[in-house]
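Every read-out reported here was derived from the displayed coordinates using simple, explicitly stated rules and does not represent laboratory data. Computed from a prediction, not measured in an experiment: that's the story for all the values here. Note that each Cβ is placed from the backbone with ideal geometry, even for glycine, and that neighbours are counted across all protein chains shown.
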């Protein structure tokens with residue numbers, strides 16, 4: 001259901017693409033809007049991060065990587081991540097829009113679910129997790145709020161990527177919203193893997209079946225402490241008659257040691273489906289007390305129709321003339337006593353509680369051979385069921401024997417002796433009652449309320465507890481918010497009323513838990529980021545510098561140094577190589593060879609002289625006529641090849657004396673010479689009278705002088 005509230009983002013266009021239509025929900029990390037993707041013309045869920053996350057550059061960097069990883073996962077039971085970006089001060093994720101409700105809504109409405117419905121709802125969740133685990137993704141925040149149920153019945157797991165990014169940017173103490181489903185290894189600050197998600201699934205399945213979470217407390221640290229130190233109780237303790245296979249499934253998933261859990265979602269899925277296939281209809285349709293209580297408080301039209309009383313499975317057939325009465329428990333679910341009425345209506349033949357699910361308003365009675373027979377089909381059912389059936393048969397035989405034993409003795413004894421006996425019994429009873437009254441009224445058994453002791457010293461807290469009549473013991477725990485040496489809380493929690501002889505544990509802060517920083521020097525930048533994510537540390541400022549020895553992208557140093565003890569989320573600054581510093585290539589053409597070599601070496605480059613020399617009429621012999629490369633940049637120690645001139649080449653000068661001046665000029669210029677004409681008497685005849693030089697070799701481009709008459 002969409003929230004109709006005033007919101008400045010409603011009606012705006014995010015990133016020139018997503019038109020915000022309305023606000024759907026608001027949580028601790030983000031606000032979710034219904035938006036229209038104007039490019040693809042479809043409805044999407046736009047998750048806008050709160051400012052304290054949107055302004056954290058390191059978090060946004062992690063979120064981008066996690067969102068890309070989640071976007072690569074395409075599965076029918078995982079909410080698809082479609083886009084991620086930043087528009088000004090608005091950081092957002094775009095996901096599939098699932099029109100419907102969450103598993104939390106279902107639990108609020110129904111209280112608890114039958115095993116059939118609970119296993120059917122958890123199946124697609126486990127299948128989606130199995131696909132994610134196979135792709136290397138871990139959710140880390142499985143809870144009913146993240147299980148989305150579409151109006152058309154599709155079930156999807158949401159918030160992949162965001163959960164991982166948030167948990168890697170915060171400490172354990174910040175995971176208050178999800179502490180009810182937090183695995184022991186995450187409480188202890190250890191690395192999460194697929195089995196951490198399995199633990200959360202087990203806690204969620206327990207809640208679906210019983211209508212309550214296995215652990216509760218006044219403050220999150222109390223719940224976290226129970227995850228680490230207490231085993232999850234079998235759900236059948238809250239739902240009598242629950243199939244042993246369901247108990248085993250929940251306790252397998254919630255084992256405190258990850259090694260004792262299914263390795264991943266796919267391993268759990270196969271066992272889950274095996275159990276769903278092999279449970280009987282009565283076992284699958286067993287109604288938990290919490291579900292019956294929810295129905296009892298619902299309008300009459302919503303309650304299940306009453307069914308006729310069932311025949312009792314225990315004891316002999318009812319003799320003629322006897323009237324049987326079934327007394328139901330307060331929820332109206334199961335009979336607790338069978339009373340035989342003849343002349344004396346109070347003679348009790350059986351007062352043993354019956355196993356829920358055997359008969360009554362919500363389940364049919366078992367077949368007679370199931371209660372009494374030898375069980376010819378025992379070999380065809382699992383060992384847990386065979387053991388349960390044996391217990392049922394033993395209980396039936398015991399109840400039958402009790403029913404056949406007379407309650408009253410027909411022989412009358414000495415009335416005076418009997419009276420004295422009664423006086424002694426009454427005196428003893430009075431003394432016991434007096435002692436019990438003192439013990440439970442004023443003594444150690446009297447009730448008391450645990451005082452609030454958070455943020456107090458241990459001495460102050462112990463004094464407060466002693467004044468209230470409690471004995472206490474201390475246990476050290478890590479806490480990111482409370483100063484070391486002060487009390488974090490108690491177990492049981494403050495405000496709870498208990499008997500004064502019951503023990504009270506004081507949780508004393510050791511301060512934040514510190515972890516050694518990993519060594520990042522020598523790693524590539526992406527590898528260093530992954531190491532920081534794995535150690536749940538943050539990426540600090542990245543400084544780039546030139547390095548002549550390490551390739552670009554290599555981490556040269558870190559601050560704080562490796563091995564430093566630090567909190568989770570501590571930013572670690574990195575100095576990263578930009579590779580060797582580029583050196584501009586100097587132009588040494590025209591310089592004498594020795595001078596050119598010195599100029600290159602001074603710049604940090606190496607000069608290489610080409611073995612071949614070339615003639616050049618403009619560059620003197622011994623000077624550089626060409627270089628490769630002639631411009632651009634090189635790195636220190638790289639080479640520049642120099643070509644040296646051997647000066648202009650020598651050309652033979654033929655004699656043109658006696659020839660016409662114009663013809664001589666053209667011929668000499670064609671040979672590469674420069675021609676000068678000296679006219680005598682005006683050069684009237686145009687004949688070359690003299691030439692200088694003549695009939696010798698001179699450098700190309702030399703000047704030839706012609707005397708013309």
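Sorting 524, 537 by the number of Cβ atoms found within 10 Å of their own Cβ, with the fewest placed first, yields 524, 537. If a/c stays under 1.5 just call it rounded; otherwise compare a/b with b/c (prolate if a/b is bigger, oblate if not). Do that for the stretch 515-577, with a ≥ b ≥ c from the square roots of the Cα gyration tensor eigenvalues. Prolate shape, in that a/c is at least 1.5 and a/b is the bigger ratio. Normalising the average separation of contacting C-alpha pairs (under 8 angstrom, six or more residues apart) by the number of residues puts the relative contact order of the stretch 447-509 at 47 percent.
Projected over every direction and averaged, the convex hull enclosing the alpha-carbon atoms of the stretch 582-644 yields 3.7 nm². Here the stretch 597-681 is treated as an ellipsoid with the same Cα gyration tensor; its semi-axes, largest first and in whole Å, are 44, 11, 10. In terms of its C-alpha gyration tensor, the stretch 69-140 has an oblate overall shape, because the principal axis ratio a/c (a ≥ b ≥ c, square roots of the eigenvalues) is not below 1.5 and a/b does not outweigh b/c. Bins of 5 Å, beginning at zero and ending with the bin holding the largest distance: percent of Cα pairs per bin for the stretch 100-290, please. Result returned by the calculation: 1, 8, 17, 22, 22, 17, 8, 3, 1, 0. By the beta-carbon count within 10 Å of each Cβ, the least crowded to most crowded order of 62, 39, fewest first, is 39, 62. The mean sequence distance of close C-alpha pairs (under 8 Å, at least 6 residues apart), as a share of the length of the stretch 13-96, puts its relative contact order at 24 percent. Extension gain for the segment residue 631 to residue 510, taken as residue separation times 0.36 nm less the Cα-Cα distance, is 37.2 nm to one decimal. Of the three principal axes defined by the Cα atoms of the stretch 13-96, the extents in descending order read 31, 27, 23 Å. To the nearest 0.05, how large is the calculated FRET efficiency for residue 29 and residue 581 if R₀ is 41 Å and r is the Cβ-Cβ distance? For R0 = 41 Å, the calculated efficiency reads 0.40. Reducing the stretch 490-543 and the stretch 239-264 to their Cα centroids gives an inter-centroid distance of 27 Å.
Using the Kirkwood radius built from alpha carbon pairs, what does the Stokes-Einstein equation give as D for the stretch 650-708 at 4 °C and 1.567 mPa s, in µm² per second? Here the translational diffusion coefficient equals 116 µm²/s. Inter-part distance, the stretch 577-637 to the stretch 652-675, computed on C-alpha centroids, equals 39 Å. Residues of the stretch 663-700 with an amide N closer than 19 Å to a point placed 7 Å from the Cα of residue 621 along the Cα-to-Cβ direction: 696-700. Directionally averaged projected area (the stretch 447-509, Cα convex hull): 3.5 nm². Each of 114, 521 was scored by other Cβ atoms within 10 Å of its Cβ. Arranged with the fewest first, they read 521, 114.
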